[in-house]
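Visitor: The structure that follows is given in the form of structure tokens.
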Amino acid sequence: MENIEVSENSAKFNFAEGEMLLIDKPLTWTSFDVVGKVRNSIKPLKLKVGHAGTLDPLATGLLIVCTGKLTKKIDSYQAEDKEYTGSITLGATTPSYDLETEIDQTFPIDHITEEMIFEAAKSFEGDIQQFPPAHSAIKINGERVYEKARRGEEVEIKSRQVRINSFLIEKIELPNVYFRISCSKGTYIRSLAYDFGKFLQSGSHLSSLRRTKSGDYSVENAWNLEQLIAEIKRHKEIIK
């Protein structure tokens, strides 16, 4: 937390009445890590703190965190459409559909053209059925699916309907394809990346992901986590 700049005029927080904090989640942090960091920073206040939509550890970007009375609005924030940018790497799959696990299979990509890539992206727009990854935070019989997957247990996951508002290809540098996606809540971009490779008669996995928007809120207006914690500590000193 060294050399963290804070504003000349400290932010004004009222955590008990409720704060909605836009946070740019750092790489490798879980969403629960971020919530825990915020909760610890507002001690000794004992308030509810929660987030509106999980981001995987290897994803960065907008995480909405609510405190106090505003935690009652988490479901409504979570229901909003989301926007992501990132990259899909063609030619290889992983069990987690991203870089959390090692590559398990490789596939040829010599047959893939730019025209095929644009066609594949277009084919996923609209209402689609997708299977969440076995390494995901959804629960079956009270246990998170990724806990079963990490023990090597087989998991039966039902498909779900999600909506892809737009799937734009921003750059192609094979084996990497860079995208911008707008989608409904509950969409697994990892699953979309996996299915993208299957459509191209190859394999693929998600190699980077950043949430840029959630509803009307943008990561451009989000706090750097360390700056936020420094600002909260400064706020607590001012009101002592």
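Visitor: Could you count how many residues in the stretch 79-96 are open to solvent by 40 Å² or more (accessible area, probe 1.4 Å) and either outside the structural domain of Ser184 (by the TED database) or modelled with pLDDT of 95 or more (or both)? Outline the logic, then answer.
Guide: So the first thing to find is which residues in the stretch 79-96 are open to solvent by 40 Å² or more (accessible area, probe 1.4 Å), and the list is 79-81, 95.
This time we only want the ones that are either outside the structural domain of Ser184 (by the TED database) or modelled with pLDDT of 95 or more (or both), so: 79-81.
Residues meeting the conditions: 3.
Visitor: I'm told Ser76 meets every condition in (1) assigned to a strand (DSSP E or B); (2) of a type in the set (Gly, Ala, Ser); (3) free of Cβ contacts under 8 Å to residues at least 40 places away in the same chain except one. Can you identify the failing condition by its number?
Guide: Of the numbered conditions (1) assigned to a strand (DSSP E or B); (2) of a type in the set (Gly, Ala, Ser); (3) free of Cβ contacts under 8 Å to residues at least 40 places away in the same chain, the odd one out for Ser76 is (1).
Visitor: Quick check on my filter: what residues within the stretch 70-102 are among the hydrophobic types (A, V, I, L, M, F, W, C) and either closer than 30 Å to Glu19 by Cα or under 21 Å from the mean Cα position of the chain (by Cα) (or both)? Walk me through how you get there before you give the answer.
Guide: Quick first cut of the stretch 70-102, residues among the hydrophobic types (A, V, I, L, M, F, W, C) only: 70, 74, 79, 88, 90, 92, 99.
The answer is Leu70, Ile74, Ala79, Ile88, Leu90, Leu99.
Visitor: Next question. Any idea which of Lys69, Lys46 is of a type in the set (Lys, Arg) and either part of a loop (DSSP other than H, G, I, E, B) or modelled with pLDDT of 95 or more (or both)?
Guide: Values: Lys69 fails: either part of a loop (DSSP other than H, G, I, E, B) or modelled with pLDDT of 95 or more (or both).
When all the criteria are applied, what remains is Lys46.
Visitor: Is it fair to say Leu27 is surrounded by 13 or more Cβ atoms within 10 Å (Cβ to Cβ) and either of a type in the set (A, V, I, L, M, F, W, C) or on the phi > 0 side of the Ramachandran plot (or both)?
Guide: Details: surrounded by 13 or more Cβ atoms within 10 Å (Cβ to Cβ): no; either of a type in the set (A, V, I, L, M, F, W, C) or on the phi > 0 side of the Ramachandran plot (or both): yes.
Judged against the criteria, Leu27 is not a match.
Visitor: Look through Asp24, Asp33, Asp110 and report the one residue that is assigned by the TED database to the domain that holds Asp195 and more than 14 Å from Arg190 (Cα to Cα).
Guide: On the way: Asp24 fails: assigned by the TED database to the domain that holds Asp195; Asp33 fails: assigned by the TED database to the domain that holds Asp195.
Just a single option satisfies the conditions, and that option is Asp110.
Visitor: Only one of (1) surrounded by 14 or more Cβ atoms within 10 Å (Cβ to Cβ); (2) closer than 30 Å to Glu220 by Cβ; (3) more than 19 Å from the chain's Cα centre (by Cα) is not met by Gly126, so which one is it?
Guide: (1)
Visitor: Still on this structure: Any residue in the stretch 99-126 that's under 25 Å from Leu58 (Cβ atoms): show its pairings with residues that are at pLDDT 95 or above and open to solvent by 70 Å² or more (accessible area, probe 1.4 Å) at Cβ separation under 8 Å, as long as the two are six or more apart or on different chains.
Guide: As it stands, the answer is Ile109/Leu174; Ile112/Leu174; Ala120/Phe199; Ala121/Leu168; Phe124/Phe199, since those pairs meet every condition given.
Visitor: Go through (1) within 27 Å of Phe107 (Cα to Cα); (2) at pLDDT below 95 one by one and return the number of the condition Glu147 breaks.
Guide: (1)
Visitor: Taking the stated definitions as given, is Thr113 out of contact with any strand residue (DSSP E or B) (no Cβ under 7 Å at 6 or more places or on another chain) and modelled with pLDDT of 95 or more?
Guide: Numbers: out of contact with any strand residue (DSSP E or B) (no Cβ under 7 Å at 6 or more places or on another chain): yes; modelled with pLDDT of 95 or more: yes.
Yes.
Visitor: Further, regarding this structure: Of the residues in the stretch 167-224, how many are open to solvent by 50 Å² or more (accessible area, probe 1.4 Å), part of a loop (DSSP other than H, G, I, E, B) and touching a Lys or Arg at 6+ places or on another chain (Cβ under 6 Å)?
Guide: Total satisfying the criteria: 0.
The values are calculated or read from the model by the stated rules, or taken from the named source; none is laboratory data. Just so you know, these numbers come straight off a predicted model, no measurement behind them. We place every Cβ from the backbone using ideal geometry, glycine too, and count neighbours over all the protein chains shown. In case anyone asks, the SASA skips ligands and DNA or RNA and just uses the protein heavy atoms, side chains included. Shrake-Rupley method; radii C 1.70, N 1.55, O 1.52, S 1.80 Å.
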